[in-house]
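Peer 1: The following block contains the structure, expressed as structure tokens.
The values are calculated or read from the model by the stated rules, or taken from the named source; none is laboratory data. The structure presented is a predicted model; accordingly, all values stated were derived computationally and were not measured. No Cβ is skipped: glycine too gets one built from the backbone with ideal geometry, and neighbour counts run over all protein chains shown.
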Amino acid sequence: MVPTEPLYRIADVDASDLSAYADGIDRLQNETLDGFIIRNVLNREQLDKIIEAHDKLGPETKYVSDTGMVFFPVPFSKVDQTVEGSAQELEKYFLNYEEIWKNFPTQFGVDYEGIVQGVLTKIAGGRKVETPIGINNVGKYSTAGLKHLIPDEGLFKAHCGNLFHKEFPTFYTHMNQISTVENQMSYFVMIEPSKAGGELTLYDVLWTDAEIRMKGDVVLKGKNGELYDLEGPKKVRQQMLAPGPGDMIVFSGGRIWHRVEMVRHTRRLTCGGFVSLSKDDTKLYTWS
Ligand SMILES: O=C(O)CCC(=O)C(=O)O
Ligand SMILES: [Fe+2]
């Protein structure tokens, strides 16, 4: 059998061994690399602490989507659709996000923000890694979100980060002022993989190929009307990534169409969000 070339360039490297990738974020941005799978960012004890605290969270602190996904905290995508431009409402969310991440190390027993930003600093080309201040300089963005996919229900339908810019205008208008959101990157740490399913699938379709997701969410439409059928017999090429517990994915989620496969048998729990450069290029932001 002729081995097939992997579709994308994904660096598979241990968290303690990132010295060869100091310019990793620049390489994602200039498209000489497509992603990282960084092994052992969190250890077993840290994962267990996060899981235990997660499972104690009250339902009022979460948001359940219609695709079998439970978010903590309530994500900005949801807030964007409900605040209706009220500055006061919006400020409440940013203050709450700030509070949640201030308390996270005690409540969850793990300084997730510090650890993840520490790892990202090693590939950030000398830039500082920070969580951005909220709209009207109030509070902060949520540095990440916990995403629990329910077995036999939960998935992320095909998307890419650039697709969200028009969908969530309140947040992206602000993020676009302080940051380069075009071709933003994604990151997450695998907290608890499911027994089956839940892989991250990267498609051989870029935002520059197709900007439209058709009804049903499995066909993308290109600029000249050409269709990319993600599930048809002549499927587009794809590459699946299946990180283990404690592994972190950082990838070009803004420009590469991707999805998370339906989770089977047991739940899947991840914690992550987006990564982008500040407008003046001196900082790297983590936000969700
Ligand atoms: O699995 C996750 O938590 C997020 C997957 C995803 O769509 C992303 O990281 O952009
Ligand atoms: Fe994504």
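Peer 1: Return only the number of the condition from (1) within 25 Å of VAL41 (Cβ to Cβ); (2) away from ligand 1 (no atom under 14 Å from the Cβ); (3) in a loop (DSSP other than H, G, I, E, B) that THR180 does not satisfy.
Peer 2: (3)
Peer 1: Is it true that GLU113 is closer than 20 Å to LEU241 by Cβ and of a type outside the set (A, V, I, L, M, F, W, C)?
Peer 2: no
Peer 1: Turning to a different aspect of this structure: For the stretch 39-48, what are the residues that are surrounded by fewer than 16 Cβ atoms within 10 Å (Cβ to Cβ) and not in a loop (DSSP other than H, G, I, E, B)?
Peer 2: ARG44, GLU45
Peer 1: For ALA158, indicate whether it is more than 15 Å from THR270 (Cβ to Cβ) and small (Gly, Ala, Ser).
Peer 2: Criteria met by ALA158.
Peer 1: Take the stretch 279-288 and flag every residue that is crowded, with 16+ Cβ neighbours inside 10 Å and either farther than 16 Å from GLY24 by Cα or out of contact with any strand residue (DSSP E or B) (no Cβ under 9 Å at 6 or more places or on another chain) (or both).
Peer 2: Across the stretch 279-288, the qualifying residues are TRP287, SER288.
Peer 1: Determine which member of the set GLY109, GLY161 is more than 16 Å from the chain's Cα centre (by Cα) and among the small types (Gly, Ala, Ser).
Peer 2: Just a single option satisfies the conditions, and that option is GLY109.
Peer 1: Can you give me the number of residues within the stretch 257-268 that are more than 9 Å from ligand 1 (Cβ to nearest atom) and either surrounded by fewer than 24 Cβ atoms within 10 Å (Cβ to Cβ) or of a type in the set (Phe, Trp, Tyr) (or both)?
Peer 2: Final tally of qualifying residues: 7.
Peer 1: Sticking with this structure for a sec: Among helices (runs of 4 or more DSSP H) lying entirely in the stretch 82-177, which contain 3 or more residues that are within 16 Å of ligand 1 (Cβ to nearest atom) and modelled with pLDDT of 95 or more?
Peer 2: Correct list: 112-121.
Residue-by-condition table, conditions (1) touching a Cys at 6+ places or on another chain (Cβ under 6 Å); (2) within 16 Å of ligand 2 (Cβ to nearest atom); (3) of a type outside the set (A, V, I, L, M):
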residue: ARG213; (1), (2), (3): no, yes, yes
residue: LEU241; (1), (2), (3): no, yes, no
residue: GLY246; (1), (2), (3): no, no, yes
residue: MET262; (1), (2), (3): no, yes, no
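Peer 1: Working only within the stretch 140-166, note down all residues that are within 13 Å of ligand 2 (Cβ to nearest atom) and among the charged types (D, E, K, R).
Peer 2: Those that are within 13 Å of ligand 2 (Cβ to nearest atom) and among the charged types (D, E, K, R): LYS147, LYS157.
Peer 1: Might you let me know whether the stretch 238-247 holds any residue that is touching a residue at least 40 places away in the same chain (Cβ under 8 Å), in a loop (DSSP other than H, G, I, E, B), of a type in the set (Asp, Glu) and under 30 Å from VAL110 (Cβ atoms)?
Peer 2: There is at least one residue in the stretch 238-247 that is touching a residue at least 40 places away in the same chain (Cβ under 8 Å), in a loop (DSSP other than H, G, I, E, B), of a type in the set (Asp, Glu) and under 30 Å from VAL110 (Cβ atoms).
Peer 1: Which residue is farthest from PRO193 (Cα to Cα), if the candidates are limited to the stretch 269-288 and must be more than 14 Å from ligand 2 (Cβ to nearest atom) and within 16 Å of the chain's Cα centre (by Cα)?
Peer 2: If we take residues in the stretch 269-288 being more than 14 Å from ligand 2 (Cβ to nearest atom) and within 16 Å of the chain's Cα centre (by Cα), then LEU277 is farthest from PRO193 (Cα to Cα).
Peer 1: Which of the residues that make up the stretch 66-117 are on the phi > 0 side of the Ramachandran plot and surrounded by 14 or more Cβ atoms within 10 Å (Cβ to Cβ)?
Peer 2: Correct list: GLY68, GLY109.
Peer 1: To continue, here is another question. Could you tell me whether GLU52 is exposed (fewer than 15 other Cβ atoms within 10 Å of the Cβ), of a type in the set (D, E, K, R), in a helix (DSSP H, G or I) and modelled with pLDDT of 95 or more?
Peer 2: Yes, satisfied.
Peer 1: Of these, LEU57, LEU90, LEU95, which one is without any contact (Cβ under 8 Å) to a residue 24 or more places away in the chain and hydrophobic (A, V, I, L, M, F, W, C)?
Peer 2: LEU57
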